[in-house]
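Just below is one structure, and these are the notes that go with it.
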Amino acid sequence: MRQPLVPPPKPANGRQLSEAHDQLPLYAEVALPLRLAQTFTYSLPHELREVTRVGARLLVPFGRQLATGYVVALHEALDPELGLDASELKEAEELLDAEPLLTPEALEITRWISDYYAAPWGEVLKAALPAGLNAGVDQVVTITAEGRDELARLPPRRASTPKARLLQMAAAEDSLTLREAARELGQARAAKAARELARAGWVNVTHRQRGAQARPKKRKAVRLLPPSVPGADGADGARALTPAQEKVVRTLIAGGGEMLFAELLEAAGASASTIQTLERKGLLEVVVREIRRDPLAGARLPDTDELRLTDAQETALREINEAQQAGGFRAFLLHGVTGSGKTEIYIRAMREALRRGRTAMMLVPEIALTPVFSRRLRAHFGDAVAIFHSSLTAGERFDEWGRLKRGEARVVIGTRSAVFAPVRDLGVIVVDEEHEASYRQQESPYYNGRDTAVMRALKEGAVVVLGSATPSLESFQNARQGKYRYLRLASRIAGRAMARAEILDMREVFRTGGKPAVFAPELLAAIEETHARGEQSIVLLNRRGYSSFVLCRSCGERINCRNCDVTLTYHRSERSLVCHYCNLRQRAPESCPACQGPFMFFVGEGTEQIEEILQERFPALRIARLDRDTTSRRTTYEQAILRFGAGELDMLVGTQMIAKGHDFPNVTLVGVVSVDAGLAMPDFRSAERTFQLITQVAGRAGRGELPGRVLIQTYHPHHYALRHACAQDYEGFFDEEINYRRNLSYPPFVALASLLIHGDELGRVMNTAAALREALDRANTERGCRVLGPAPAPLARLRGEHRIQLLLKSRSRPRLRTLIEMALGEAAQTPGCDLGSVNIEIDPVNLM
């Protein structure tokens, strides 16, 4: 996916939406979900002028195809400053929504994302809707009478050409889509053949809307009619009922008067004919009902006992609720150590918003955290809670989105995309674990869910609460500068002590043992002691797979991905080597592909190997592994977490998904196998991420009545991130890290932008990068911005594409944006410069 070149122009101030006038609109301004830095104006046919509304989807011609666009404005007249000629405008084809899907709030926040992140507005609007609602457009090929005559005259030697095959398929199908034809002929051949056949008059090519992936789920239901309903037999009819019919009626009464057809048949042990007979008697009717696909159907909900707040919790909650009472925007940074009771404050703040007749939103960084939080919110707020994340089925997302838009649900919880949820009158937005990099969308349209939540709260006059035990440096700096109100929870609830953290120097382990070891003896002994006491433990290694890479001991050859500049990771469970970037899979070789040597060495360890070693060492331990390989299905992760919480498992082994947000009172030991790889990443945030990860996973220990212990294995025991993490000293880490950022001019002291040029041909990528650098230098006349590069990106080749990076720094964000726009405009005139291969990221969180 590629990033746009410049943000789309804002509509002129004089443009008014038609809803404010009696005169019907003549023109629609449409944003298309393409990498285009502008909107397009279409004329509205007479039949669409009265019914088209802002926020609806419109089928419009674009090039040789029809595209689904989003109406962002309606106009009674063309703006003369734009120089548009009404006679040259294309006409919209079809209105797809009688009721607009996009709310005014969604349009406003997506407009801001488009402007701030230089993202195509149409792509942002598409991202704001559930995947199942974005219908596409199909080209339909139908054969004409002349085409059938031509097919009859076709000689056998020409029957296998693309045109002949398409003509044959069209003759065999009443309605052949070009997508179906492309499966056999290929996209390019099918499109070319369709154009040539249409010019010859042998086929007609029309367009139709492709059905959306998600629709309301409907089921037959049976409803008992009251005696007063005309046609009901009353008492005389009741006496004439057979025993089977009487049982159906009694079952319906016990079920509240209405049941699903299939459920009634099973519960009453009846046949369909029995129900049909009762329907003819007028005692009941069969109707069609929409059935909600509830993501939490059948889930066990936690207790909702009212907890007594600590003094620090009371103070924080009081300030948040006073801000809600005062009305208007207010931002809080809730900095609470792990186990300090931040979630209880979130829930009570949301309850206050609902009490005031407003709505609430809670964002969590990862899907892994939604089972715990969604169950807790459902226990408190019942069916008023809607869940929103990508692991739901298309039908579940469709139903939850509809409940929010209709106002049936007033609380929404989800990952970053939930920031677009169609809730009205927001009272409070909670962003839990606000420091997490996963709030950043890593493909176009690029945006940060946390920052978008803050801006949505500002635009809607809501309170926003950013919570974390390890706030991002940017958020903590904002709090120090007074942009956010700082709230501190410095101790755990019930006076529980923080877990005691210790560093295990793996250099000493090597000296003592004479060889590399996966586990230090101290960690193995601690695991054994913890299990003997009937307590639980967590072991973290933020690297999945069995071995990091495969090496030939004869010639030193490593097995690399052919698409990416990375080694392949060995996954023993499937006996294959896997690229964790492009998902390439191949069998592990028995001999070296370069020298045919038989000595293949598997280097490094991942969570799969860690689980195997521990299971062999401690066969009595009930161990579950949680990483992306074992949790591809949503229920797998939920079941493992629930089983661990219920004491049915003794140990969790996993990646960072086990490190945050969970409350397991019986966990008293956390072992961190290694964090050295994270510290060595070529990214200015590597120390901050390592500190956050260790602090978060350490917070899983000692949350109950028993004291906790954390053991961290490393070859860099004196690193300041590890030292402060062991001391649970956030302020100390911040003061040290912020000095590095200040001295090296990194955020939060500068605005940062990344221009990533990528493509299949290295020469074209280098030419584009060079042209961009020259344009940036010419535009940077005041030297207000610092330009670094072009240079190969840390991952110089990814998914088959070469990657070259430019970094831009400036203490003035407006000056940075102006420089980018000027340089891109100038570079566009340079021969050989392909701006379609340029990805622009504003405020990137990952420079890899």
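Within the range 126-144, can one find any residue that is of a type in the set (Gly, Ala, Ser) and in contact with a strand residue (DSSP E or B) (Cβ under 6 Å, 6 or more places away or on another chain)? Looking through the range 126-144, at least one residue is of a type in the set (Gly, Ala, Ser) and in contact with a strand residue (DSSP E or B) (Cβ under 6 Å, 6 or more places away or on another chain).
Mind checking which residues of the range 158-174 are within 9 Å of ALA193 (Cβ to Cβ) and part of a helix (DSSP H, G or I)? Residues satisfying the conditions are PRO162, LYS163, ALA164, ARG165, LEU166, LEU167.
Number of residues in the range 671-697 that are hydrophobic (A, V, I, L, M, F, W, C) and either over 17 Å from HIS724 (Cα atoms) or open to solvent by 20 Å² or more (accessible area, probe 1.4 Å) (or both): the value is 7.
The combined condition, being touching a His at 6+ places or on another chain (Cβ under 6 Å) and among the aliphatic types (A, V, I, L, M), is fulfilled by LEU66. Would you check which residues across the range 776-790 are buried (at least 21 other Cβ atoms within 10 Å of the Cβ) and not in a strand (DSSP E or B) and list them? Once the filter is applied, which keeps residues that are buried (at least 21 other Cβ atoms within 10 Å of the Cβ) and not in a strand (DSSP E or B), the range 776-790 yields only LEU776.
With the condition kept exactly as written, say whether any residue in the range 60-76 is open to solvent by 30 Å² or more (accessible area, probe 1.4 Å), modelled with pLDDT of 85 or more and among the charged types (D, E, K, R). The answer is yes, given that some residue of the range 60-76 is open to solvent by 30 Å² or more (accessible area, probe 1.4 Å), modelled with pLDDT of 85 or more and among the charged types (D, E, K, R).
Here is a yes/no grid of residues against (1) within 22 Å of GLY708 (Cβ to Cβ); (2) in contact with a strand residue (DSSP E or B) (Cβ under 6 Å, 6 or more places away or on another chain); (3) in a helix (DSSP H, G or I); (4) at pLDDT 95 or above:
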{"position": "THR470", "(1), (2), (3), (4)": "yes, no, no, yes"}
{"position": "TYR486", "(1), (2), (3), (4)": "no, yes, no, yes"}
{"position": "SER491", "(1), (2), (3), (4)": "yes, no, no, no"}
{"position": "ALA497", "(1), (2), (3), (4)": "yes, no, no, no"}
{"position": "ALA501", "(1), (2), (3), (4)": "yes, yes, no, no"}
{"position": "LYS515", "(1), (2), (3), (4)": "no, no, no, no"}
{"position": "GLU522", "(1), (2), (3), (4)": "yes, yes, yes, yes"}
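Within the range 755-765, take every residue that is open to solvent by 100 Å² or more (accessible area, probe 1.4 Å) and of a type outside the set (Lys, Arg) and give me the one that is farthest from THR830 (Cα to Cα). Here the residue is ASP760. Remark: pairs (first residue in the range 385-407, under 20 Å from ARG351 (Cα atoms); second residue of a type in the set (S, T, N, Q) and open to solvent by 10 Å² or more (accessible area, probe 1.4 Å); Cβ separation under 9 Å; 6+ apart in sequence or on different chains) = PHE388/THR415; PHE388/SER417; LEU404/THR359; GLY407/THR359.
For the range 814-848, a tally of residues being assigned to a loop (DSSP other than H, G, I, E, B), open to solvent by less than 30 Å² (accessible area, probe 1.4 Å) and of a type in the set (Val, Ile, Thr) returns 1. Scanning the range 43-60 for residues that are more than 25 Å from ALA106 (Cα to Cα) and touching a residue at least 24 places away in the same chain (Cβ under 8 Å) gives a single hit, PRO45. Exactly one residue out of ARG764, ARG773 is farther than 30 Å from LEU584 by Cα and not in a strand (DSSP E or B), and it is ARG773.
Among the residues of the range 418-434, are any under 28 Å from SER837 (Cβ atoms) and part of a helix (DSSP H, G or I)? The answer is no, given that none of the residues of the range 418-434 is under 28 Å from SER837 (Cβ atoms) and part of a helix (DSSP H, G or I). Scanning the range 718-747 for residues that are assigned to a loop (DSSP other than H, G, I, E, B) and open to solvent by less than 40 Å² (accessible area, probe 1.4 Å) yields SER745, PRO747. For the range 699-717, a residue qualifies if it is open to solvent by less than 30 Å² (accessible area, probe 1.4 Å) and aliphatic (A, V, I, L, M), and the qualifying residues are ALA701, VAL710, LEU711, ILE712.
Pairs meeting the criteria (first residue in the range 597-621 and farther than 14 Å from HIS571 by Cβ, second residue in a loop (DSSP other than H, G, I, E, B) and of a type in the set (Asp, Glu), beta carbons under 9 Å, at least 6 apart or on different chains) are GLY597/GLU557; PRO598/GLU590; MET600/GLU590; ILE613/GLU605; PHE618/ASP650; ALA620/ASP650; LEU621/ASP650. On the basis of being in contact (Cβ under 8 Å) with a residue 12 or more places away in the chain, part of a strand (DSSP E or B) and more than 27 Å from ASN478 (Cβ to Cβ), does ALA793 make the cut? In short, yes. Checking each residue in the range 702-729 for being small (Gly, Ala, Ser) and over 16 Å from GLN656 (Cβ atoms) picks out GLY702, GLY704, GLY708, ALA727. Scanning the range 632-660 for residues that are among the small types (Gly, Ala, Ser) and either in contact with an Asp or Glu (Cβ under 6 Å, 6 or more places away or on another chain) or surrounded by fewer than 18 Cβ atoms within 10 Å (Cβ to Cβ) (or both) turns up SER632, ALA646, GLY647, GLY654. Within the range 105-113, one or more residues are more than 21 Å from PHE62 (Cα to Cα), surrounded by 21 or more Cβ atoms within 10 Å (Cβ to Cβ) and of a type in the set (Ser, Thr, Tyr).
The values are calculated or read from the model by the stated rules, or taken from the named source; none is laboratory data. Source: prediction; values computed, not measured. Using ideal geometry, Cβ is built from the backbone for each residue, glycine included, and neighbour counts are taken over all protein chains shown. Accessible surface areas use protein heavy atoms only, side chains included; no ligands, DNA or RNA. Shrake-Rupley method; radii C 1.70, N 1.55, O 1.52, S 1.80 Å.
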